[in-house]
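Data first, discussion second: the structure below is written as structure tokens.
Please treat every number below as a calculation from the coordinates, not as lab data. What you see is a predicted model, and the numbers here were worked out from it, not measured in a lab. Here Cβ is always computed from backbone atoms with ideal geometry, including for glycine, and neighbour counts include all displayed protein chains.
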Amino acid sequence: MTPRDGVGAGAWAQAVEQLVRTMGGWCNAHTHLDRANTFAPEFLQHANIDPMGAAGLSLRVKQILVGELHKGPAYQPDNLYARMRAELERMEAAGVREVISFIDATPDIGLVAIHQAARLRDEFRGR
């Protein structure tokens, strides 16, 4: 069944949603939970970088900015936990039942993000 089969877009979306629910829910197969919700100014303020201005930079430059993100409050354990938890709760409310996330583990931050992700994995298991 497709919208071309005479089913309106609203009906199509409802049919897809119903099918997904019968199969157990959505799967977010590519996310970066540790970087979720870091677009606010306070996360790069220490480096005097405006996230809005950085949005237009090349991918190569943005990848360099990740190191600056690691130096600020975004990678403090409590901040990581709260942001990742909020994102998982948002996904859960949208019907996502499986999340595959890429998590930073680099010499500058060690395993701090991995530890928070593992903690949340255990808390959300079976929900």
Taking region 41-72 and the residues there that are among the aliphatic types (A, V, I, L, M) and loosely packed, with under 13 Cβ neighbours inside 10 Å, the one that is nearest to ILE103 (Cα to Cα) would be ILE64
Quick count over region 10-54, residues being assigned to a loop (DSSP other than H, G, I, E, B), more than 20 Å from VAL112 (Cβ to Cβ) and in contact with a Gly (Cβ under 8 Å, 6 or more places away or on another chain), is 1
Residue pairs within 7 Å by beta carbon, gap of at least six or interchain, first lying in region 91-117 and under 17 Å from THR31 (Cα atoms), second of a type in the set (Lys, Arg), listed first then second, are GLU92/ARG127; GLY95/ARG21
- Message: Just to be sure before I move on: is ALA40 within 21 Å of the chain's Cα centre (by Cα), over 20 Å from GLY95 (Cα atoms) and not aromatic (Phe, Trp, Tyr) in the structure I sent?
- Response: yes
request  = Test ALA93 against the criterion of being among the small types (Gly, Ala, Ser), more than 17 Å from ALA40 (Cβ to Cβ) and buried (at least 17 other Cβ atoms within 10 Å of the Cβ), and give yes or no.
outcome  = no
query: Is there a residue being in a helix (DSSP H, G or I), more than 28 Å from GLN18 (Cα to Cα) and in contact with a Phe, Trp or Tyr (Cβ under 9 Å, 6 or more places away or on another chain) anywhere in region 105-112?
result: yes
Condition set part of a helix (DSSP H, G or I) and in contact with a Phe, Trp or Tyr (Cβ under 8 Å, 6 or more places away or on another chain), scope region 59-90, selection nearest to ARG127 (Cα to Cα): answer is LEU88
Among residues of region 10-39 being touching a helix residue (DSSP H, G or I) at 6+ places or on another chain (Cβ under 7 Å) and free of Cβ contacts under 8 Å to residues at least 40 places away in the same chain, the residue farthest from HIS70 (Cα to Cα) is TRP12
